[in-house]
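To start, the structure under review is shown below, and the notes come after it.
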Amino acid sequence: MAVLVVFGLLSIWTVYTGYQQNKEIGKFTQPEPADLRVTYRDVDAVVAVRKRIREFGKSTIEGTEPSISLSVDDLNDLIGHEDRLFELRKVLAFTEIGRTVKARVALPLQTIFQGGRLRYLNATMDFHPFVEEGQPMLKIVALTPDEGGEVAEGFLNYLSDNYNFLAQFKEDKKLRPIFERVESITMDDGKVVVQAR
């Protein structure tokens, strides 16, 4: 009987906590994704950056210790025109590279108590790029939602610890050997610099 009472209380507490978290998340999310307003460059610029990426990948596989510098426009053009990055097109658009990498996001979040409907975190995110155990990372270090004021520190920490936009490419057969050789990702003169070993 005592076990059933404890189990019942834990169940009630879990549901209540989930409801409260869902309510708080609802304050800074919207039912529709924001338009990220990405502008792509002309065909020649897109072809040129794709060519540079392929040359970097080839040199990395060959072990010639290459590096590549990518601007905001380069990054957005890659997201907009590389099939592997298709899922990011309506989710992420880079805006600035300085002390951090800034981006506009329309991040889909699944609700718990609304039949699993999606809510969207429309916001500006600051990332710190780095490499950890052969995996390039974009660690979320700051988050400013379009609406609803500040995000709770616990939610920011949860996103930062559990959400990496590059994680989905870790097991990609073509990208994995390249990612495993990336030694560092730094920021310099408004560009992200990727160095392989």
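The values are calculated or read from the model by the stated rules, or taken from the named source; none is laboratory data. Computed from a predicted structure; not experimentally measured. In this analysis, Cβ positions are derived from the backbone assuming ideal geometry, glycine residues included, and neighbour counts consider all displayed protein chains. To get the accessible areas, we keep the full protein, side chains included, count just its heavy atoms, and leave off ligands, DNA and RNA. Shrake-Rupley method; radii C 1.70, N 1.55, O 1.52, S 1.80 Å.
Might you let me know whether region 134-148 holds any residue that is more than 20 Å from residue 55 (Cβ to Cβ), open to solvent by 40 Å² or more (accessible area, probe 1.4 Å) and among the hydroxyl-bearing types (Ser, Thr, Tyr)?
yes
Is it the case that residue 104 is closer than 20 Å to residue 36 by Cα, within 12 Å of the chain's Cα centre (by Cα) and at pLDDT 95 or above?
The answer is yes for residue 104.
Which of the following residues is charged (D, E, K, R), at pLDDT below 95 and more than 23 Å from residue 165 (Cβ to Cβ): 32, 62?
Answer to the selection: 62.
Looking at (1) of a type in the set (A, V, I, L, M); (2) closer than 23 Å to residue 189 by Cα; (3) exposed (fewer than 15 other Cβ atoms within 10 Å of the Cβ), which is the one condition that is false for residue 49?
So residue 49 meets the others, but not (3).
I need a count of the residues in region 147-175 that are assigned to a helix (DSSP H, G or I), among the hydrophobic types (A, V, I, L, M, F, W, C) and within 17 Å of residue 106 (Cα to Cα).
3
In the list 98, 63, which residue meets the criterion of being open to solvent by 30 Å² or more (accessible area, probe 1.4 Å), under 19 Å from residue 179 (Cα atoms) and not aromatic (Phe, Trp, Tyr)?
Numbers: 98 fails: under 19 Å from residue 179 (Cα atoms).
The conditions single out 63.
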